[in-house]
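Structure record follows, encoded as C-alpha cells.
Throughout, read-outs are computed from the coordinates displayed, never taken from laboratory work. These numbers come from a predicted model, not from an experiment. Positions of Cβ are backbone-derived with ideal geometry, glycine not excepted, and every protein chain shown enters the neighbour counts.
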Amino acid sequence: MTRGFVSSRGTEPEGWRVMFELHPVIKAFLCGSISGTCSTLLFQPLDLLKTRLQALQPSDLGPRRVGMLAVFLKVVRTESLLGLWKGMSPSIVRCVPGVGIYFGTLYSSKQYFLRGHPPTALESVILGMGSRSVAGVCMSPITVIKTRYESGTYSYESIYAALRSIYCSEGHRGLFRGLTATLLRDAPFSGLYLMFYSQTRTAVLHGTAQLDAALIPLINFSCGIFAGVLASLVTQPADVIKTHMQLSPVKFQWIGQAATLIFKNHGLRGFFHGSVPRALRRTLMAAMAWTVYEEMMARMGLKS
C-alpha cells in the first residue's frame, strides 16, 4: 500500500488513512470493536429478552409456557420501549474492548500459527475457542454486571457503582461469577462458529469462478447466519447455567449444582429457556460483526 492510500476500491477517505498507518493487530482490534458496537446497539433487546426468559421462576410460568412475545409486551408495558435497551451501557463497555480483543487475538494467532494458509476445521475451532477465552476472562466482571442489569432484579447507579457493590458484598469472586460456565458457552460457540463460518465461506467462494465484489458482504452475512444457528443450539445449556449463577450466586454456587437445580425445577426444557432470542441475537450479531469486520479489513488491505 503506497502513501497515497489508493486501493482496488479507490481512494480512501481521510479517516482510513490514519488506520492504514497502525499495526495490523491494532487494525484488527479497531475493526472488531466497531463491528461489535454496531451489532450490539441493534440487537440488545434480544439479549434482554433472553435474560428475562432464563430468569423466570417456576411460579412465574404457571400452566402455560411464557414465550418471547409475552416477555416483550410486559417489558414495553411496564418499562416503556426503551426498557428493551436496559443494560446497554455495560453491553457497550463489554463489547467495544471485548470484540476487539477477540478479533485482535484471532488475527495475531492466525498470523503466528497459520502463516498465511487457510485454517482447517480443527484449527478454526482451536483459534476461535482460544481467542474467545482470552476476551471472556478479560471482560468477565462487565459480563456479570450486564446480566444483572438486564434481569431487572438489580439496581445499580452506574457501572462503577455495580463493580464496587459486587466486590464489597461478594469479593473478587463475585466479579468472575459464572466464568467457567461463560467460557463453556463462549469458547465452544466461537470455535464452532468460526469452523462453520470459515468452511462454509471457503466452499462458497471457491465454488464460484468469478464473483461480483458486491456479493461478498452478502455471502459473509449468509455464512454467518448459518454458522450462528448451529453454534447457538449447541451452547444454549451453558448460557442458561451462566445466567442463573450470575443472578443468584447464593443459590447456584457451582456448575453441577446449577445444572441439577435447573433440571429439577424446569426439566430438560429449562436448559433451552431463551433459546429463540439468543439464537436470533447471536446469529444476527455474529453475522453482522463478521460482515463489517471482513469489509473493514479488506478496505485496509488486510486478510482476516
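The table below lists the values:
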quantity: Charge sum, other residues only, whose C-beta stays under 12 Å from Phe176's C-beta, Lys/Arg counted +1 and Asp/Glu -1; calculated: +2
quantity: Degrees separating the helix 179-206 axis from the principal Cα axis of the chain, which is the longest one; calculated: 30 degrees
quantity: Relative packing of 115-123, 47-55, which averages over residues the other C-beta atoms within 10 Å, highest first; calculated: 47-55, 115-123
quantity: Pairs from Lys110/Lys242; Lys50/Lys242; Lys242/Lys264; Lys146/Lys242; Lys86/Lys264; Lys27/Lys86 whose Cα-Cα separation, in the structure shown, is over 19 Å; calculated: Lys110/Lys242; Lys86/Lys264; Lys27/Lys86
quantity: Equivalent ellipsoid semi-axes, the chain, via Cα gyration tensor eigenvalues times 5, rooted, Å; calculated: 36, 21, 19
quantity: Angle in degrees between helix 140-151 and the longest Cα principal axis of the chain, rounded to the nearest 10; calculated: 60 degrees
quantity: Debye log10 I(q)/I(0) for the stretch 170-304, one point scatterer per Cα, at q = 0.18, 0.20, 0.21, 0.22 Å⁻¹; calculated: -0.95, -1.08, -1.15, -1.22
quantity: Residue order, fewest to most beta carbons within 10 Å, for Lys110, Lys74; calculated: Lys74, Lys110
quantity: Angle between the chain longest axis and helix 24-55 axis [Cα atoms, degrees, rounded to 10]; calculated: 30 degrees
quantity: Extension gain, Leu233 back to Gln257 (0.36 nm per residue minus Cα-Cα distance, nm); calculated: 6.4 nm
quantity: Positive-end extreme of charge dipole, the chain - chosen from Tyr193, Leu30, Ser80 (charges on Cβ); calculated: Ser80
